[in-house]
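S.K.: Shown below is the structure under consideration.
The values are calculated or read from the model by the stated rules, or taken from the named source; none is laboratory data. Being a predicted model, the structure only gives us computed values, none of them experimental. FYI the Cβ positions are ideal-geometry reconstructions off the backbone, even for glycines, and counts take in every protein chain you see. The area values use the complete protein model at the heavy-atom level, side chains included, leaving out ligands, DNA and RNA. Shrake-Rupley method; radii C 1.70, N 1.55, O 1.52, S 1.80 Å.
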Amino acid sequence: MEGALAATIAGNDEGNLTRSFSGLRVLDFSTTIAGPHCTRMLADMGAEVIKIEPAEGETMRTRPPLRNNCSTAFGQLNVGKQSLVLDLKSPAGGEAIRRLIATADVLVENFRPGVMRRLQLDYASVSGINPKLIYCSISGYGQSGPSAELPAYAPVIHAASGYEMAHLAYQRGRTRPDHCGIYHADVLTGTYAFGAVSAALYQRGVTGKGQHIDVSMLESMLSLTLNEVQWSQFEVRPSQRPTFGPIQTSDGYVMVAIASEKTFQNLMQVIGRPEWVSDPRFAKYADRRENWTSLMDGVEAWSRTVSTRACLDALNEYGVPSSAYRTVSEALADPQLAHRGALAEVEDGGGAFKVLNLPFRMSGAAVGAGKRMSTLGEHTRAYLQEVGLSEEEIAAFATQPQKSVRG
């Protein structure tokens, strides 16, 4: 179904539902991934998100895939937002944006700490203009402290948080950390920011007051190492936790997770080793931990004799959690995602493409991506008119040289 989910969990037509954040105005100063991911979530839930960009546009507008100079990577993060072009360093641009701040509910920025202060757009400078403003700052290490002003991108944060070395510890025989291609820190931090903004809006409903939210990418990534945070404080034997990895089939690989006694017992039936349920090496969880390699070697001795499809069919029949290792394209073709309405079709100047909807459904609210991408600066005139600028003043903005704001 184009541009909207087919139905909610309650089976209601989404077209008949309101959106949770309808009427909410968000000023989005953020760039790249973490901040835009947060504000895209707000937009999907009905907020009016105004993306503020320099004249050349946000850097992600140039990222492939490009069609007619329109980036679908940018679209994935920014669909459903309004586009306002302003030079934040100019006195007129600064004044215009302060007038908009007076009308906003939420402001999101992910510049390096100090940038918004130099522009006189930090929380201390604008909270007097709008005491109800929820002001969310996303940064690598937080807004203060010895590391606050260090430059930070997701791969750097992955390394700094201990996440990469924790991951490496599970790769037997490996001594060199992996290359980073998927930016977990950005998506995770943007999601935490969304949660914090939602909580602050609820609190504002009680107190009537806004507040400043300080979201750290470093701490966000540390939250992925829950067990490791505890292990770092106490002496733990390395063999205490089994790791799940691929088992080979005759034509590929399958992930199988043995997470309960019932799962273990059923898996032994699948591989034709029912006697291992009472084998002293495997009968108790503690014994299985100590003999994990032998157990999985036995599982793989069976799996290598069957195809991936046959392996999965057998595992599913006995209720053993498993999956083939799929590419993203293969995952997106899963009928379950079609059933859920996980993808929305949107349009930009290059044509139609698909983006992910948010991974949750609500029985009383519509949740889904907007239908089109705004062109750069498409809504500048409308917002400048709203804050009281004359036609002559608006025309002057179009002729002024623009300066980029750098972190």
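S.K.: On a 0 to 90° scale, report how tilted helix 184-207 is relative to the longest principal axis of the chain, with both axes built from alpha carbons and the result rounded to the nearest 10.
M.R.: Once rounded, the angle reads 60 degrees.
S.K.: Let me check something: with ligands and nucleic acids excluded, how do Leu343, Leu150 order by accessible area (1.4 Å probe), largest to smallest?
M.R.: Of Leu343, Leu150, the descending order of accessible area is Leu150, Leu343.
S.K.: Kirkwood-based Rg over Rh for the chain (C-alpha set), two decimals?
M.R.: 1.04
S.K.: Can you give the accessible area of Ser323 in Å² (nearest 10), computed on protein heavy atoms with a 1.4 Å probe?
M.R.: Accessible area, nearest 10 Å²: 50 Å².
S.K.: Whole number in Å², please: accessible area per residue of the chain, 1.4 Å probe, ligands, DNA and RNA not counted.
M.R.: Per-residue accessible area for the chain comes out at 51 Å².
S.K.: With a 1.4 Å probe and all protein chains kept in place, how much accessible area does Asp334 have, in Å² rounded to the nearest 10?
M.R.: 40
S.K.: What is the angle, in °, between the Cα long axis of helix 91-101 and the longest principal axis of the Cα atoms in the chain? Nearest 10 is fine, range 0 to 90.
M.R.: Relative to the chain, helix 91-101 is tipped by roughly 60 degrees.
S.K.: A follow-up question, please. What size of dipole, in debye to the nearest 20, comes out for segment 255-325 about its Cα centre when the only charges are +1 on Lys and Arg C-beta atoms and -1 on Asp and Glu C-beta atoms?
M.R.: 80
S.K.: Most fluctuating residue of Pro359, Pro321, Pro280 in a GNM of the chain with Cα springs under 10 Å: which is it?
M.R.: Judging by the Gaussian network model, the answer is Pro280.
S.K.: Explain nothing, just the number: dipole magnitude of the chain about its Cα centre with +1 on each Lys and Arg Cβ and -1 on each Asp and Glu Cβ, in debye rounded to the nearest 20. Mind showing how you got there, number by number?
M.R.: Numbers: 39 positive and 42 negative charges, 97 e Å.
Dipole of the chain, to the nearest 20 debye: 460 debye.
S.K.: What 222 nm value per residue comes from the helices of the chain, counting each DSSP H run with n ≥ 4 as -39,500 (n - 2.57) and dividing by all residues, nearest 500 deg cm²/dmol?
M.R.: -10000 deg cm²/dmol
S.K.: For the chain, take the longest principal axis of its alpha carbons; what is the angle in degrees between that and the long axis of helix 261-270, to the nearest 10 within 0 to 90?
M.R.: The angle comes out near 60 degrees.
S.K.: Turning to a different aspect of this structure: Straight distance only, please: which lysines reach the Cα of Lys89 with their own Cα at less than 26 Å, same-chain residues fewer than 8 apart left out?
M.R.: Once the sequence-local lysines are set aside, what remains near Lys89 is Lys51, Lys81, Lys132, Lys403.
S.K.: Springs between alpha-carbon atoms under 10 Å, Gaussian network over the chain: tell me which of Glu219, Glu228, Glu391 tops the mean-square fluctuations.
M.R.: Glu391
S.K.: Could you tell me the accessible area of Lys132 in Å² (1.4 Å probe, neighbours in place), rounded to the nearest ten?
M.R.: 110
S.K.: Then there is this: When the chain is treated as a GNM, springs tying every alpha-carbon pair under 10 Å, which of Val254, Val346, Val108 comes out with the largest mean-square fluctuation?
M.R.: Val254
S.K.: Taking square-rooted eigenvalues a ≥ b ≥ c of the alpha carbon gyration tensor, is segment 308-357 rounded, prolate or oblate, where a/c under 1.5 means rounded and, failing that, a/b exceeding b/c means prolate?
M.R.: Prolate.
S.K.: Still on this structure, I have one more. Just want to confirm a number: the relative contact order over segment 186-272, from Cα pairs under 8 angstrom separated by 6+ residues, in percent.
M.R.: Working: 34 pairs, mean separation 15.5, N = 87.
Computed value for segment 186-272: 18 percent relative contact order.
S.K.: Hey, which lysines would be in cross-link range of Lys262, C-alpha to C-alpha under 17 Å, not counting anything within fewer than 8 residues on its own chain?
M.R.: In chain and number order, the partners are Lys284.
S.K.: So, one more: Give the percent of DSSP beta bridges with both residues in the chain that are antiparallel, rounded to the nearest 5.
M.R.: 40
S.K.: May I ask for the longest run of the chain untouched by chymotrypsin sites (Phe, Trp or Tyr not before Pro) that are loop-located per DSSP and have at most 12 neighbouring C-beta atoms (other than their own) within 10 Å? Write out the running numbers ahead of the final one.
M.R.: Working: sites that count: Tyr170, Phe234, Tyr325, Phe360.
Answer - 1-169.
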